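The values are calculated or read from the model by the stated rules, or taken from the named source; none is laboratory data. Keep in mind that this is a model prediction, so the values were computed, not measured. Note: ideal-geometry Cβ built from the backbone for every residue, glycine included; neighbour counts use all protein chains shown. SASA here: full protein model, heavy atoms, side chains in, ligands and nucleic acids out. Shrake-Rupley method; radii C 1.70, N 1.55, O 1.52, S 1.80 Å.
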Amino acid sequence: MSNPRKDLLIYDVPPEIRTALVADAYAQNVSINECAVVILATHYKVKHIPTGVPFTSEDGGKNLSIRGGAKLHRKIDIDRARRGGGTLRGIVLERLALHYGLPAPPIGRRPRGTSSEGGS
């Protein structure tokens with residue numbers, strides 16, 4: 001019985017969360033994704049089998065791909081629904097921030113178009 005994989009792409013990870021996650025992954029010699037999935041799986045009490053992928057110095061930009069099982073994705077979605085008004089992205093970033101003792105970003109939707117410069 002395998003738990004089908006389900007990917008969750010987290011856009012625009014705040015730099016302080018990404019820095020903490022990269023440092024943690026480096027210290028454990030695991031991939032950044034593996035580090036994030038272990039944090040989430042532990043919090044949501046979902047069994048996770050490590051991939052064994054070691055840390056790489058890839059930059060990865062501002063995004064994070066959470067490659068966990070469908071059960072983990074479902075638990076995050078249930079948490080989101082129970083709390084109302086949140087997004088999967090918001091719930092994941094909040095959990096990672098709290099894990100690292102950082103201020104948690106809002107779990108709700110972000111305004112669209114915040115990355116473009118200029119007016120009208």
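Counting only heavy atoms of the protein chains and using a 1.4 Å probe, H73 has close to 40 Å² of accessible surface. The slack between I78 and V53, meaning 0.36 nm per residue of separation minus the straight C-alpha distance, is 6.2 nm. For the set L8, L96, solvent exposure ranked by accessible area (probe 1.4 Å, protein chains only) runs largest to smallest as L8, L96. Heavy-atom accessible area for Y44, with the other protein chains in place and a 1.4 Å probe, reaches approximately 30 Å². Given their separation in residues at 0.36 nm each and the Cα-Cα distance between them, Y11 and Y26 gain 3.3 nm when the chain is fully extended. Between S65 and T42, the simple spin-label model (points 7 angstrom out along Cα→Cβ) gives 2.5 nm. For region 1-97, relative contact order (Cα pairs under 8 Å, six or more residues apart, normalised by length) works out to 41 percent.
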